[in-house]
Amino acid sequence: LEEGNPIELFCEPKIDGLSFSARYENGVFVQGATRGDGQIGEDITENLKVIKNFPLKIDTNIKILEVRGEIYMSKADFETLNQEQEKNKEKIFANPRNAAAGSLRQLDTKITANRNLKYFVYTLGEYSDDFNIQSQKELFDYFKSLNFSITDFTKLCKNLDEVIEFYNKAQEIRHSLDYDVDGLVYKVNSFELQKRLGFVTHHPRWALAHKFPPKQAITEIKQIIIQVGRTGSLTPVAKLDPVNIGGALVSNATLHNKDEIERKD
């Protein structure tokens with residue numbers, strides 16, 4: 001590229017949910033799966049069908065279109081679910097992500113339907129040669145035209161200053177969103193440039209996750225016990241005064257890094 005030629009970056013929130021793929025053939029939904037290990041996932045076709053506003057038919061003649069996204073549970077629905085679970089003396093979920101994952105994997109789709117799950121789509125899986133979209137921004141607009149749910153909290157940035165400005169804004173408003181976000185994802189907007197950049201072993205070279213700083217809390221160590229592993233390894237574990245960090249109640253912490261513990265006294 002010529003010197004000074006800007007590379008547009010499309011910024012979108014990193015939704016803290018459960019990844020899924022949904023395959024459409026000639027506009028008809030035929031199969032849904034979790035990401036699993038990247039090669040093999042769980043079949044969630046019937047469960048996806050009962051999620052409100054999830055399209056079973058889309059207005060397109062494209063032979064194959066696989067969309068990918070995140071299933072999530074809103075913070076309000078998570079609170080309601082845990083209140084009901086507590087009332088019925090059933091399992092309390094640690095955070096909305098766990099609640100969404102547990103709800104989506106139910107063998108009884110009626111339970112899934114009652115959990116009021118939501119979803120966002122944000123990228124592509126497999127697609128046939130008759131699909132012709134040139135950029136990430138264009139893809140989001142296309143998803144919207146097909147009545148898929150997409151997040152509106154995105155921005156097309158021309159330079160790094162705009163990217164950092166959007167990141168700072170995202171940190172400010174993340175707690176006001178009704179879904180958990182643990183950072184942003186920056187993607188090179190042009191699909192042509194994405195193809196040129198390609199992939200390394202684990203991830204694309206045209207996308208980067210920028211996580212928010214970890215949530216922190218102060219608590220007290222009540223006791224240290226020694227845990228014996230399967231192979232006979234010994235690991236000291238701190239029993240903590242339970243503390244809430246990002247919706248999860250933390251009461252144990254492994255003290256496996258001796259050098260780091262000594263460094264911090």
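Descriptive notes on the structure:
- Set of region 153-176 residues, backbone N closer than 20 Å to the point 7 Å along the Cα-Cβ line of ARG196: 157-160
- Helix 160-173 axis, angle to the chain major axis (alpha carbon atoms, nearest 10°): 50 degrees
- Near the amide H of VAL181, within less than 5 Å, lie the amide hydrogens of ASP16, all on another chain or at least 5 residues away, with H placed in the peptide plane.
- Exposure check, 1.4 Å probe, all protein chains in place: THR109 carries approximately 40 Å² of accessible surface.
- Nearest-ten-degree value, helix 75-87 long axis tilted from longest Cα axis of the chain: 50 degrees
- Angstrom value of the Kirkwood radius, inverse mean 1/r, which spans all Cα pairs in region 1-123: 16.0 Å
- Think of it as helices only: each DSSP H run of n ≥ 4 in the chain is worth -39500 (n - 2.57), and spread over all residues that comes to -7500 deg cm²/dmol at 222 nm.
- Residues whose amide H lies under 5 Å from that of SER74, counting only those 5 or more places away or on a different chain, are LYS118; hydrogens are built 1.01 Å from N in the peptide plane.
- Region 50-121 and region 233-253: distance between their alpha carbon centers, rounded to Å: 28 Å
- Normalised contact order of region 161-265, rounded percent, pairs of Cα under 8 Å and 6 or more residues apart: 16 percent
- Pairs of Cα atoms nearer than 8 Å and 6+ residues apart set the relative contact order; for region 1-59 it is 23 percent.
- Available extension along the chain between GLN39 and THR219 is 60.8 nm, counting 0.36 nm per residue and deducting the alpha carbon span.
- Across the chain, C-alpha contacts under 8 Å between residues 6 or more apart give a mean separation that, scaled by the residue count, equals a relative contact order of 21 percent.
- Lysine pairs within region 58-157, Cα separation less than 25 Å, 8 or more sequence positions apart or different chains: 20
- For region 53-58, the Karplus equation 6.51 cos²θ - 1.76 cosθ + 1.60, evaluated at θ = phi - 60°, returns couplings of 6, 7, x, 8, 9, 10 Hz by residue, with Gly and Pro reported as x.
- Radius of gyration and maximum dimension Dmax of region 50-116, Cα, Å: 14.7, 49
- Projected over all directions and averaged, the alpha-carbon convex hull of the chain occupies 18.9 nm².
- Shape class of region 12-51 from the alpha-carbon gyration tensor: prolate, with a/c at 1.5 or above and a/b greater than b/c.
- Reachable aspartates and glutamates from LYS195, criterion Cα separation under 17 angstrom, eight or more residues apart if same chain: GLU8, GLU126, ASP129, GLU138
- Ligands, DNA and RNA aside, ILE226 has an accessible area near 100 Å² when probed at 1.4 Å.
- Heavy-atom accessible area for LYS144, with the other protein chains in place and a 1.4 Å probe, reaches approximately 110 Å².
The values are calculated or read from the model by the stated rules, or taken from the named source; none is laboratory data. All figures in this text were calculated on a predicted structure; none of them were measured in a lab. A quick note on method: Cβ atoms are made from the backbone with ideal geometry, for glycine too, and the neighbour counts reach across all protein chains shown. SASA here: full protein model, heavy atoms, side chains in, ligands and nucleic acids out. Shrake-Rupley method; radii C 1.70, N 1.55, O 1.52, S 1.80 Å.
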